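Take a look at the structure set out below.
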Amino acid sequence: MKKIVLTGGGTAGHVTPNIALLPALKALSYEIEYIGSYQGMEKDLIEAMEIPYHGISSGKLRRYLDIKNLSDPFKVIKGFGQAFRLLGKIKPNIVFSKGGFVSVPVVLAAKMRGIPVIIHESDITPGLANKISIPAARKVCCNFPETLKYLPSEKAVLTGSPIRQELLQGNPEDARAYCHFTANKPVLLIIGGSSGAKAINDAIRALLPKLLESYQVIHLCGKGNLDNALINTKGYAQFEYISQQLKDMFALSDIVISRAGANAICELLALHKPNILIPLSAAASRGDQILNAKSFEKQGFSFVLLEEDLTESTLLAAIRQVAEKKDTYIASMKKSGQMDSIQTIVELIENNAKKK
């Protein structure tokens, strides 16, 4: 029996690509186990897939001053020891890492045990966790052609992002019924990320009366961000987080407003959904979402609205422009030649797995 350990966590973007690989890996008779953090969101997502899950200690490695910088290195060291023991027990043929700080001790422990590692970088420029992991990897997969110049040439492989195939099989009528919508208005889908996006949530709700004149609105607002005053608003459906029904909501939506996490925008590309990207600001991140969004804008896939430019009027203008030009956006996405990422990555796994 071939064995693989998947790792990655912290956000949905570090987990969902791993989930997308599961059917293909199972078809190749891989025994799959997962190493993540104790209580990260990856735990619930992976256990729901009935994959054996192992939690380890995880500390964040920061580039800025923070009191936790004193304690987190010890968490990483503890996590390394736990990962080293787990890998010795599981004895996988290969480790596939989607990144996030929990993946660092797993990748380094695999290197020390002589287990081949493949990692995937979603953003245009590698994050700190993957920068640490790259020397220990056999191959480094990436989403964007621009990323290749930041990676060792002998390791870099342009694969695109694994997309959950069920997202391509949504039923719009199921979503319409779930949201109690009618068939006489188009639908806006707003996705602020797994933890929500306050700036986007506030802008949408401030603009809601005007939006509801022309649209019905599905608002994925993030954990703890429901607005009780709007619960019974006709044509407006708000949810903290959606899993099983997301494919149907994508199928129903006419325009999607989203953050610009790499995996999220690759899903929009695969679905050919006209979209407005509002990337996380440089002040609140390392600027990777801005680079992702600009790449998609340059290729004609997206309208980009920077968070610092986000107002009720600029958002409304963006929605109107995308609605007017949606056929142009769809045509550009259809010409993109979306890669068969799952097949490409699985072939890399097969070719680099340790033979026993």
Does V102 satisfy being crowded, with 21+ Cβ neighbours inside 10 Å and farther than 20 Å from N263 by Cα?
no
Pull up the range 196-225, narrow it to residues that are in contact with a Ser or Thr (Cβ under 8 Å, 6 or more places away or on another chain) and without any contact (Cβ under 8 Å) to a residue 60 or more places away in the chain, then point me to the one that is surrounded by the most Cβ atoms within 10 Å (Cβ to Cβ).
I218
Being over 30 Å from K210 (Cβ atoms), of a type in the set (K, R) and surrounded by fewer than 21 Cβ atoms within 10 Å (Cβ to Cβ) narrows it down to one residue among K355, K326, K294; which is it?
K355
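For every residue, the table says whether it meets (1) out of contact with any Gly (no Cβ under 7 Å at 6 or more places or on another chain); (2) among the hydroxyl-bearing types (S, T, Y).
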site	(1), (2)
G261	no, no
H272	yes, no
L277	yes, no
L280	yes, no
L291	yes, no
S302	yes, yes
E307	yes, no
T311	yes, yes
A323	yes, no
Could you say whether any residue in the range 189-199 is within 22 Å of the chain's Cα centre (by Cα), in a helix (DSSP H, G or I) and within 21 Å of L310 (Cα to Cα)?
yes
If we ask which residues in the range 277-291 are modelled with pLDDT of 95 or more and either surrounded by fewer than 15 Cβ atoms within 10 Å (Cβ to Cβ) or touching a His at 6+ places or on another chain (Cβ under 7 Å) (or both), their number turns out to be 0
Could you list, in sequence order, the residues of the range 210-226 that are closer than 28 Å to A48 by Cα, of a type outside the set (A, V, I, L, M, F, W, C) and either more than 17 Å from the chain's Cα centre (by Cα) or assigned to a helix (DSSP H, G or I) (or both)?
H219, G224, N225
Of the conditions (1) surrounded by fewer than 17 Cβ atoms within 10 Å (Cβ to Cβ); (2) among the charged types (D, E, K, R); (3) closer than 24 Å to G40 by Cα, E154 fails just one. Which one is it?
(3)
Y241 meets each of (1) at pLDDT below 95; (2) buried (at least 18 other Cβ atoms within 10 Å of the Cβ) with one exception, condition (2)
Scan the range 326-346 and report the pairs whose first residue is modelled with pLDDT of 90 or more and whose second residue is polar (S, T, N, Q) and assigned to a helix (DSSP H, G or I), with Cβ atoms within less than 8 Å and a gap of 6+ or a chain change.
I342/Q165
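Each row is one residue, and each column tells you yes or no for (1) assigned by TED's automatic domain parsing to the domain that holds I124; (2) in a helix (DSSP H, G or I); (3) touching a Cys at 6+ places or on another chain (Cβ under 7 Å); (4) modelled with pLDDT under 95.
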site	(1), (2), (3), (4)
F250	no, yes, no, no
I257	no, no, no, no
A260	no, no, no, yes
A264	no, yes, no, yes
E297	no, yes, no, no
Filtered residues of the range 111-158 (kept if within 18 Å of the chain's Cα centre (by Cα) and of a type in the set (F, W, Y))
F144
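The values are calculated or read from the model by the stated rules, or taken from the named source; none is laboratory data. As the structure is a prediction and not an experimental result, all values here were calculated from the model. Methodologically, a virtual Cβ is constructed for each residue, glycine included, from the backbone with ideal geometry; neighbour enumeration extends over all protein chains shown.
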